[in-house]
Each structure stands twice: as C-alpha cells, then as structure tokens.
Amino acid sequence: MRLRCSVGVGFVVVLVLGCPQVAHASTTLNTVPGTNVLLSKSGSGPLSSTSSNSNIFSPAAYVDYKRFGGEPTVTVDRFPFPGSNTSAAARCSGAAPCFKDVIYASSPNGFVFPHYSPFWKSDDLGQSFRVPCHVLAQGQTCATGGGGGDSHTAVGQVTHRLLFVDLPGPGCVTSNVSDDLGETFVGDNAGCGSSPGAIDDRQWVEVDEKAPACAGGAGQNAYISFINVSNVAAPSLSLARSCHDGNSGTFVTDSVCNTLNAQTPSGPIIDPLPSVGAGDSDPTPCPDPADARLQIAGPVVADREGYSGRPTPTHDLYIPFVRATAVIPGVSSGPPYSLWVAKSTDGAETWTRYKVAELGDHNPVNLFPRLTIDRGGNLYYTWSQTQGPGQDESGLLGEQDVYYAFSTAAQAVTSWSEAIPLTKEANDSAIMPWMVAGDPGQVDLVYYRASTGLNSNVAFVDDQGNPCDANDPEADCNSNGHPNPSVWNVIFGQSQNALNTGSNFKHVQVTDHPNHIGQICTAGTACSGDRDLLDFFTVDLDHLGAANIIWSDDNTTRTTDTRNKFTRQLSGASVYKGTTINLQSSWPITDHAVTDAKGDTTTTAGLPNGSCAGMDISAVSEKQAGGLITVSMTLNGTPDFAKAVTCAPVGAGATGGLWGAEFWAARTPAADGTPQAENFYIAYRDNPPDGPPRVEAGRMDNTNATVTSLEFNPTTAGTPATPGGTCFQTRPPTPCTVVMTANADSLGLKPGAGMYSITGLSVFEAGTAQTPVVLRVELGNSEQADAATPFDDNGTGSTK
C-alpha cells in the first residue's frame, strides 16, 4: 500500500507524504470505548465518540501476521529527501523537501533456529509491514542462517542510511547498514570478529551524520553502546564508534573504548565504593569503566536535531544508566539505587558522569532507563520505580510507577529537576516507559499500565488478592494461590509543558484490547517468571511530530505466542509546534471496512511484485449476523493456486495460496472460567497438498517446522465451505469479490466478543498445513503477498 497525492471523494482519498496538507473540517469520530483507537467514521451501535482534535490512534496493525515478537524497536525516517528522482530519493519527485516517513521495526528472535532478528519495513505510514529479503545478522541473505539476539536500529538524518545492530550469542555485536531504505544490507561486526574480547549485553545504536569530524572521518558518526560484562564484578559501560557512518571495519579503527575488540584504554576507573563516587567528574575513555555498581543502561543518544530557535545542536552524547549495590554480581542487586547519565562533549573521545536522582530503596530496574533530547537541547530522563520503601511479604517492593526528570539546555546535565511522578494514582502499576521529545517542552511517552497495583513480578496472589509465595509451604498461596490477575494495556502520554515540575501529561489508552494478562518479570535474563514481552517497547516520531508506537502482545491462550503490534497517531497535538496531524480523514477505514492501494504485492521473498493477478487486495469488509462472521475481499483477479504459484514466483516453492482475514478476539472461557483469547482467521484456501479448495477458519497457533513463526491452523469448515462472491462466476469481473463465512461458536469466539486488528491477507502456501499426530508443528510454510490496513469491530465490547 502507498499513500499518494490524489483528489477524490470520501475516505478513499489518501494523503501523500511530502504532498501539501489538505485542510479538513472538524469531525466527530467513533472510537473503541475506553480507548482513543479509531473505530469508525460513519458509526453504528453503542460507540463512544471524540473530537478530531483529540489524540486518536489507528487500529493496531500486525507487524507480521505470523512471526514472533518481543521488545520491539520502531525507527521512523522522518528526515527530508531531495525533491528529485535520485537513487537516494526513490519514489520522490517534485519540489523539495519530500518526507517519506518510512517505518522500520525489528525484534529479537532469540537463539533458536534459524537464529535471526526479524526486520520489517512499512512505506505506507504503518498500515502494513513486510519482511524484505534478508536475515540481518551479519548481512546474510534470506537463504542463510546466523545471528539472533537483541536488536536496535537508527537512521541517518542526511543520507538516510539505516544502521541495524544485533546481538547473536555467544558471539559479538553485529552491525549492518542499508543505503536503499532497508531493502538490502551490508554486514560487518562491531570489532570482535571470531574471538570476542567481551561478553556483552543490550547494545544500542545511534547515528549523527552532522557531527564534527573525528579520526579522519567525514563528520558522519555512528555509535554502539553496550555493557561489557566480561568482568562480572566490575562491568564497563562501553562504546564502539565509527567516524565513517558505520562503514565496514570502522568500529575497530575509529573507537577509543571498543571493549568488544579487547580495547582496554588507559585512564581512571570508577571508584567501586558505592558511598564515594570518586572519578565521576574525571574524563574517561569509556562512558563508565569498571564500575562495580553498574546495573543496566539505556540507549546512547546524540543531540543532533535543531529547529529555527536553535538551528545548530551541540552533537553531545548521552547514555542513561542505573547504579545499585551488587548482591550476586552479574545476577542480582539491591539498594541504594541511583540514576546517572554519562556525557561526552567531544564525539566519544572522553566521558564524565552526572547523577540524576538518588532513589534509595526504590528499585528502577523496570526496565531500561530512557533519555531523550528535544530540539532545544533540553534533556528528559524517564524510568519506572517500585514504590516501597522496604519489602513486602513477597520480597518485592510494591507498586511500580513511571517518573521523569528534566535538565534544561542551560543546565547541561549538571542539575536536574526533582523526580516527577506520572502515574501517582494508586492501583495501576506501570512499567517499561519510553519517551521521545520534539520541540522544547513537547514530549511523548508510552508505557505498560496494569489494572492493579501489584508489582509486575508477583506471580501469585492469595484469596484476598495479596502477593504470596507458591514455594512457601506456610503461605496461603500454597493451597489457594491464584495467578497475578493484572490486565495490561499500552498507554500514551503527552505533554506540551514538560519543562515544568508539575505532572503535565495527558494519558490515553491506545490498545483496543489488553496486550497481556498476569505477571511481567522485569529481571531480564535472571527472570524465573513470565518474560514473554521481554524488556521494553518503543515510540518514535515522524516528520509531523506524530507518535508511532510498537509493542508486544501475548494475550492468547498460549501466552508464549508473542506478537508485535503497531499504531500511529492520526490526529491531535503534535510535539512539533505549528504542525498539524490530520490523517484521520484520509485513513482508509470506515465502519467495518477498509480500502487498500493497488500494485503493492510482494513475492515470497518480500520483494515488490506490483499488481500480481489474484493476489492484490483492494478492499476488505466484515460483518456479524446470526452467529455468523462474514469476510468479503476484493481482488484483482480470481484467487487460485496457479496464480499464487506464478506470483511467488515460479521456482520459489509455492504450491498454492490463502486469502482471508486475521484478527484477535476473546475465546469462550475455559471450563474453570479462566479468560482465553486468540488470533483467529477466516480464509479461502486453494493449495492442492491440502486437498480441494475450501473456506476454512481457525487459529494462528500452529508453529512452523523451518521458520520461527506461527502458521494457520484450520479448526472448522466455512459456513458454507464454498466461497461466495463474483470471483467464481463463469465469467468473473475484474476486480472481483470473495465472500467467506464461518460460525463464530464453531470458531471458538466468546459470545458478543469484539474482533480487533481485522487484517485482510493474501499469502503464498508452500507444502501442507497438516501436522504430525499430537504436535502443532505445521509441515508447510506461508509468506505474505499483500496485507490491508487493519480495522476493528467492537461487538458488544468484550475484550477479555
């Protein structure tokens, strides 16, 4: 799908990035009750409504209809392209500047076969995503293996070069660069080769292509920060630097403190005594070397963006980190806790450290601290801390709440505001905050918020709802323990006055259904409980100052089937002054229906494939009546296995195709009353290895035998099994429609349940959906050809 300049009537008009903004009259929009998620622009039924001036978000898109997720990163290329048809500005034409707002997403896939971190891109403002043809670890193609740990991305503000870093274990940090908007990558490592000099954890990447030149470079600097934990008792916060925009080999030649390359620079180390802090004001080559109190660190951030009020940023570097007292070095820590930031004013040649806040017993490892810089050079530091003080009977420190502090450009990190609570009301634990800033005082924030004040690490509660230890034979939990009942959602907060010690944030829910139920362990790799969401989620800005949010969702009966979801801000306040966010009128959804751009199919390898016959979706709709769910899809030709094989293309191994819609919905509760939910689908399958063509419905919960992903699991036949619509007439028109119907009860939906993220899909099938006896491992594989913009059907409002 592509948003392009056009003139038309109604919702089919789509807004082009880089095209003139079209003024729209204020209108009333229907949202999912209790949220700020757009439901409909026409409306029917018991809906809530809000003004178009409110912060309204799109229905959640599956970042990938099948691949697993967890701690996802989103990065938006919000920088201007030249207004010409150069290779660097593909698809840009006309007057400069052109803004594409290409969205990149990544997520670790662990160390299981085939060992890679998935990477996705969207060039239609997040209406849909696709997987380009490569496995990013070490720049390998999609036909090879390798890689596979933590991932993070950054984009250059001049060349639009994309940097991707990965953490395959037990190797080293891999670095990859793309100069064609994420379609292909050139791989390198950050300096460790086959004999790493560091055991490292949670690497982050930043790029500043306007920074002052260093070490013979051109002023195009890239930075990778990480903690070297080779010395468990005294780990080092380290930084690998490239003065050549991340070019191959330059993280070795250009670094001052790249401990990945066994580089141990001389200079003072941090005094390990927690009560002293000597050495923090002494410049050191490493951001925080040999620090026994070092716990975790957030991303390295460059002051690289200015505006009319401050056209020249400082290009200073900052890394937020947490100190605590090691209990078991490398495994556990305890109070006192404190927040710090390492700063470099000379392009990572030297660093000094500044205290942000002393927290005492309040544990801030929930999880990574985050620092962001507005275009005026003001700093904002956000974290989640336990309320305490002291431990309760569970050994935990009570409710977690989100805080932030700021330091003005004039203070330059030497002085910080008091810690400002953002979720100070009781009974709503909040964790994993992530903040991004625009113009001075303009800040966006996201976090996970619970329906209870239980610490997220609590696994069980007693009959009164109090934390209890299931391993304690004398605790009530031993006989009456219940799982943590917390219901979690994604919350968006925004402030236009963040340089003020008041809690000047407005908060709205941007998930149309809960993304998690129960415990969320925040101890990282030391977790013994539920860590399905992993350790963070992120938000980024586009050129309009609109929020683009990515998060993880495991709210299914099989909670390990974690998926990544995405939403973007369609209207409301921008964090860039004088800029309008007004996409809600052009967003291609109405009441239970959506339109889709033509010519946006891809091959099985994720390569653009134009308007391939029978695979190109132009519209999708859904309705419920009499216990039946009907999905209608408009295609550019009759769907059949031969067309799918041809579009794959021939030789790619495809044997047929599947056309339908995936969605999330609540399931009928279990026999003991336990809530259940699932990612369902209703589709038409024409794949000869699976028998005659048919309409089927089921769940996305089979696992793939060769790719770390989920697959379509047919559990019930369509009602009827033969599709309706015009595509199967003797002389079908072009375009034509396919109509698929399934019984909601047979499918397993909870009566009255809403259907969320309804996403039209055309996919290629290779092999069979059949599974061995007992196992849920599918012998075949599917890959996306086209995906439509998601929309919601609120039903009667059941989301749990």
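The values are calculated or read from the model by the stated rules, or taken from the named source; none is laboratory data. For clarity, every value in this text was computed on a predicted model and none was experimentally measured. Positions of Cβ are generated from backbone atoms using ideal geometry, with glycine treated the same way; all protein chains shown enter the neighbour counts. Calculation scope for accessible area: heavy atoms of the full protein, side chains included, ligands and nucleic acids excluded. Shrake-Rupley method; radii C 1.70, N 1.55, O 1.52, S 1.80 Å.
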For segment 300-317, which positions are closer than 12 Å to Val341 by Cβ and open to solvent by less than 10 Å² (accessible area, probe 1.4 Å)? Val300, Leu317
Could you tell me whether Ser338 is more than 14 Å from Ala412 (Cβ to Cβ), among the polar types (S, T, N, Q) and modelled with pLDDT of 95 or more? yes
Meets criteria (open to solvent by 10 Å² or more (accessible area, probe 1.4 Å), over 19 Å from Asn504 (Cβ atoms), modelled with pLDDT of 95 or more and among the β-branched types (Val, Ile, Thr)) for Thr452: yes
Sort out which residues of segment 213-227 are under 20 Å from Thr284 (Cα atoms), surrounded by fewer than 24 Cβ atoms within 10 Å (Cβ to Cβ) and not aliphatic (A, V, I, L, M), and write them in order of number. Cys214
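Of everything in segment 282-308, what is small (Gly, Ala, Ser) and either in contact with a Leu (Cβ under 7 Å, 6 or more places away or on another chain) or in a strand (DSSP E or B) (or both)? Give them in sequence order. Step through it out loud before you land on a result.
Residues of segment 282-308 small (Gly, Ala, Ser): 290, 292, 297-298, 302, 306, 308.
Correct list: Ala297, Gly298, Ala302.
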Filter segment 578-611 down to the residues that are out of contact with any Lys or Arg (no Cβ under 9 Å at 6 or more places or on another chain), open to solvent by less than 30 Å² (accessible area, probe 1.4 Å) and within 14 Å of Asp124 (Cα to Cα) and list them by number. Ser586, Pro588, Asp596, Thr601
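Just the residues that are at pLDDT 90 or above and assigned to a loop (DSSP other than H, G, I, E, B), please, taken from segment 489-509. Step through it out loud before you land on a result.
If we filter segment 489-509 for residues that are at pLDDT 90 or above, which is where we start, we get 489-501, 504-509.
Result: Gln496, Asn497, Ala498, Leu499, Asn500, Thr501, Asn504, Phe505.
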For segment 614-638, which positions are closer than 15 Å to Ala787 by Cα and outside any strand (DSSP E or B)? Gly614, Met615, Asp616, Asn636
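Does Asp561 qualify as being at pLDDT below 95 and either charged (D, E, K, R) or out of contact with any strand residue (DSSP E or B) (no Cβ under 9 Å at 6 or more places or on another chain) (or both)? Let's see the steps before the verdict.
Details: at pLDDT below 95: yes; either charged (D, E, K, R) or out of contact with any strand residue (DSSP E or B) (no Cβ under 9 Å at 6 or more places or on another chain) (or both): yes.
Yes; evaluated as a whole, the condition is true for this residue.
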So, in segment 468-488, exactly how many residues are surrounded by fewer than 22 Cβ atoms within 10 Å (Cβ to Cβ) and either in contact (Cβ under 8 Å) with a residue 24 or more places away in the chain or in a loop (DSSP other than H, G, I, E, B) (or both)? 12
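Any idea how many residues of segment 750-777 are part of a strand (DSSP E or B), of a type outside the set (Ser, Thr, Tyr) and closer than 22 Å to Ala665 by Cα? Steps first, please.
From segment 750-777, those part of a strand (DSSP E or B) are 753, 755-766, 777; that's our starting set.
Now narrow it down to the ones that are of a type outside the set (Ser, Thr, Tyr): 753, 755, 758, 760-761, 763-766, 777.
Applying the additional criterion that residues be closer than 22 Å to Ala665 by Cα yields 753, 755, 758, 760-761, 763.
The total comes to 6.
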State whether one or more residues within segment 624-640 are in contact with a Gly (Cβ under 8 Å, 6 or more places away or on another chain) and free of Cβ contacts under 8 Å to residues at least 60 places away in the same chain. yes
Which condition does Pro732 not pass, out of (1) touching a residue at least 60 places away in the same chain (Cβ under 8 Å); (2) not in a loop (DSSP other than H, G, I, E, B), if it passes all the others? (2)
Boolean, Leu583 is on the phi > 0 side of the Ramachandran plot and among the aliphatic types (A, V, I, L, M): no
Scan segment 766-773 and give yes if some residue there is open to solvent by 10 Å² or more (accessible area, probe 1.4 Å), in contact with a strand residue (DSSP E or B) (Cβ under 8 Å, 6 or more places away or on another chain) and within 20 Å of Thr601 (Cα to Cα), otherwise no. yes
Only one of these is among the aliphatic types (A, V, I, L, M) and in contact with a His (Cβ under 8 Å, 6 or more places away or on another chain): Ala670, Ala677, Ala665, Ala652. Name it. Ala677
Provide a single number: the residues in segment 651-671 that are open to solvent by 10 Å² or more (accessible area, probe 1.4 Å) and within 26 Å of Arg731 (Cα to Cα). 1
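Inspect segment 510-524 for any residue being part of a strand (DSSP E or B), among the aliphatic types (A, V, I, L, M) and open to solvent by 30 Å² or more (accessible area, probe 1.4 Å) and give the result as yes or no.
Of all residues in segment 510-524, those part of a strand (DSSP E or B) come to 516-517.
Checking which are among the aliphatic types (A, V, I, L, M) leaves us with 517.
After this cut, where a residue has to be open to solvent by 30 Å² or more (accessible area, probe 1.4 Å) as well, the list is 517.
Looking for residues that are part of a strand (DSSP E or B), among the aliphatic types (A, V, I, L, M) and open to solvent by 30 Å² or more (accessible area, probe 1.4 Å), one finds at least one in segment 510-524, hence yes.
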